[in-house]
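Heads up: the structure comes next, in structure tokens.
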Amino acid sequence: MKIVRTDAELQTPYLDSELRAAGHDLILLPDGVSEDDLSRAMAGADLLLMCYTPITAAVIAAAPRLKGIVKYGVGIDAIDIPAAIARGIPVVNIPEYAEETVAEGAFTLMLALARRLPALHAQMQGHGWAWPEPQRMGRDLAGSTVGIIGFGHIGQSFARMAGAGFRARVIAYSPHTDRSVFDAAGVERCADLRGLLKQSDFVSVHCVLNPETHHLIGAAEFAAMKPDACLINVSRGAIVDEQALIAALDQGQIAGAALDVFSAEPLALTNHPLSPLFGRDNVILSPHLTFYTAQAMHRLESETLERCHEVLEGRPVQIKSNDPRLRAQSSGVVFGL
């Protein structure tokens with residue numbers, strides 16, 4: 001069968017070799033492929049694998065034989081799911097492969113901000129040494145207040161690291177999460193987002209992107225934060241109003257930020273809305289790679305292959321995500337955990 005995989009820059013050698021060994025015709029397309037080029041490639045395709053590339057209604061319409069769309073990753077914002085549902089085409093993601101991995105990545109970024117590692121690294125690279133001057137003083141996580149926005153599996157793992165691991169006070173805002181989840185984790189539940197922001201020394205974003213969370217953190221929210229607080233975002237760039245973030249950093253409303261995700265990816269040193277963030281010693285920019293470890297990629301490729309086999313063999317596709325957009329499907333899927 002014909003399989004199209006977009007975003008070939010994210011290499012999946014095990015997945016690709018297994019599909020080809022099974023006799024399938026695998027077409028690899030680069031990140032940034034145009035809608036027209038993707039639509040042409042989809043002619044005669046039985047299966048579409050995507051990671052970042054937008055899968056529009058036009059792309060879906062161009063593939064009359066399409067049997068399934070597999071997002072080899074978590075976020076499904078780039079897929080026109082209603083268009084797929086209208087055609088009875090199952091859409092599935094791989095939600096669990098990097099939960100702990102991404103939490104570790106976010107925690108790494110928080111530690112780096114707490115200890116001012118970007119500024120120290122720049123000083124060492126430029127001058128060979130750094131003396132203990134006030135502008136280089138870090139802060140302990142123990143005793144700090146860590147606020148978490150979104151308390152799913154990644155948020156819960158991050159909370160365990162901060163609380164049990166580093167003895168921080170952990171609070172969280174997640175309005176659709178049952179109180180029992182907070183109680184089981186020993187985390188204080190905040191009913192109000194700005195109430196969390198006012199208390200937090202570090203704020204880490206772990207919610208999904210949807211119409212409710214788009215620009216959830218904007219100018220008013222930055223104004224509510226402590227001037228010595230830092231923001232970490234490893235979820236989705238558009239959850240934060242990024243221009244408001246630049247203004248908050250410029251005006252000293254917050255002390256720093258660490259970002260692994262951006263509304264427009266990839267970044268660029270110039271002529272990009274976020275180019276002004278480069279070169280700041282209180283900002284860490286990571287290229288959307290907190291998920292990228294050997295162990296996580298092994299899990300991702302293995303489970304993606306399982307979903308591919310289900311689609312190609314005409315079996316119900318297993319949906320492990322609780323995202324209501326995926327749970328709205330009624331054709332060709334089975335729900336499990």
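A few points about this structure:
- Neighbour-count ranking [beta-carbon atoms within 10 angstrom, fewest first] of Leu48, Leu269: Leu269, Leu48
- Projected label points at Ser34 and Phe278, each 7 Å from Cα along the beta carbon direction, are separated by 2.6 nanometres.
- Percent of Cα pairs exceeding the 28 Å cut-off, where the set is segment 99-285: 21
- Reachable lysines from Lys2, criterion Cα separation under 29 angstrom, eight or more residues apart if same chain: Lys67, Lys71, Lys320
- Semi-axis lengths, largest first, of the ellipsoid equivalent to segment 249-337 are 39, 16, 13 Å, with √(5λ) applied to each eigenvalue of the Cα gyration tensor.
- For the chain, the longest principal axis of the C-alpha atoms and the axis of helix 294-312 are separated by about 30°.
- Pair-distance profile P(r), taking every C-alpha pair of segment 177-260, with 5 angstrom steps and integer %: 3, 15, 24, 26, 18, 9, 4, 1
- For q = 0.21, 0.27, 0.28, 0.32 Å⁻¹, Debye-computed log10 I/I(0) when each Cα of segment 286-337 counts as one equal scatterer: -0.86, -1.02, -1.04, -1.14
- Taking Cα centre as origin and charging only the Cβ of basic (Lys, Arg, +1) and acidic (Asp, Glu, -1) residues, the dipole magnitude of segment 99-285 rounds to 440 debye.
- Relative contact order computed over segment 99-285 (Cα-Cα under 8 Å; 6+ residues apart), in percent: 20
- Within a Gaussian network of the chain (alpha carbon springs, distance under 10 Å), most fluctuating of Glu313, Glu188, Glu99: Glu313
- Overall dimensions of segment 94-191 by Cα: Rg and Dmax, Å: 16.3, 52
- Total charge dipole magnitude, the chain, about the Cα centre, Cβ charges on Lys, Arg, Asp, Glu only, Debye to nearest 20: 500
- Compactness of the chain, taken as the C-alpha radius of gyration over 2.2 N^0.38 Å, stands at 1.06.
- Under the criterion of Cα pairs below 8 Å and six or more residues apart, the relative contact order for the chain equals 16 percent.
- Considering only Pro13, Pro95, Pro118, the Gaussian network model of the chain with Cα springs below 10 Å gives its largest mean-square fluctuation to Pro13.
- Shown for segment 1-96 is the translational diffusion coefficient from the Stokes-Einstein equation, using the Kirkwood radius over Cα pairs, a temperature of 25 °C and a viscosity of 0.890 mPa s: 186 µm²/s.
- Taken as Cα centroids, segment 151-216 and segment 63-78 sit 30 Å apart, rounded to the nearest whole angstrom.
- Here segment 176-220 was treated as a single set of alpha-carbon atoms; its pair distances binned every 5 Å from 0 give 5, 16, 24, 29, 19, 6, 1 percent.
- Per-residue ellipticity at 222 nm from helix content only, as computed over the chain with -39500 (n - 2.57) for each DSSP H run of at least four residues, stands at -9500 deg cm²/dmol.
Any read-out appearing in this document is the output of simple, stated calculations on the displayed coordinates, not a laboratory observation. All of these numbers come straight from a predicted model, not from anything done at the bench. Note that each Cβ is placed from the backbone with ideal geometry, even for glycine, and that neighbours are counted across all protein chains shown.
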